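Worksheet for the structure shown next.
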Amino acid sequence: MRRIAAWAPPALLLLAVIGGCAVRVPPAPRITMTPSPGIFTTQPGGRIVVRAEGGRLSSVVAFAGRDLVPGGFDPSHTVWRSARPLRPVTEYAVIAVAAGAQGVTSRLAHHFRTITPYRTGQG
């Protein structure tokens, strides 16, 4: 019993100190994308644009079917743009990861399909 009594008060003091400390976790970065998540079909010809607010993009991977979509980051790593326009009638998948303060990360995964281009009247 004396052994327990010897370490119990310091242990209780340590728990009281730790329990009283609040750890504040900064907010995760916000990732947005064009075409917007929630849009599952879009016109071809535009480009994929991924943005991070409150952090930097650490990776963006995009596929058109099985083909990797080339693209690049701006100097601040807050914007990624596809290098080529979207192809017609193609399934796209995009995964983006951003890191913010103290290493807090967020992830965005989105898929969409381009439609057959709309044609105006000929004549």
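Annotations for the structure displayed:
- Verdict on Gly55 being touching a residue at least 24 places away in the same chain (Cβ under 8 Å) and open to solvent by less than 50 Å² (accessible area, probe 1.4 Å): yes
- Among the residues of segment 70-111, those identified as of a type in the set (Val, Ile, Thr) and open to solvent by 20 Å² or more (accessible area, probe 1.4 Å) are Thr78, Val89, Ile95, Val97, Val104, Thr105.
- Filter result (open to solvent by less than 60 Å² (accessible area, probe 1.4 Å) and either among the acidic types (Asp, Glu) or in contact with a Ser or Thr (Cβ under 8 Å, 6 or more places away or on another chain) (or both)) within segment 60-69: Ala62, Ala64, Gly65, Val69
- Number of positions in segment 66-82 that are in a loop (DSSP other than H, G, I, E, B) and closer than 12 Å to Ala52 by Cα: 4
- So Arg47, is it modelled with pLDDT of 95 or more and part of a strand (DSSP E or B): no
- Selected residue (criterion: surrounded by the most Cβ atoms within 10 Å (Cβ to Cβ)) from residues of segment 28-52 that are closer than 11 Å to Phe112 by Cα and of a type in the set (Gly, Ala, Ser): Ser36
The values are calculated or read from the model by the stated rules, or taken from the named source; none is laboratory data. Worth saying up front: this structure is predicted, and the values here are computed from it rather than measured. Backbone-built Cβ (ideal geometry, glycine too); neighbour counts: all protein chains shown. Heavy atoms of the whole protein, side chains included, go into the accessibility calculation; ligands, DNA and RNA do not. Shrake-Rupley method; radii C 1.70, N 1.55, O 1.52, S 1.80 Å.
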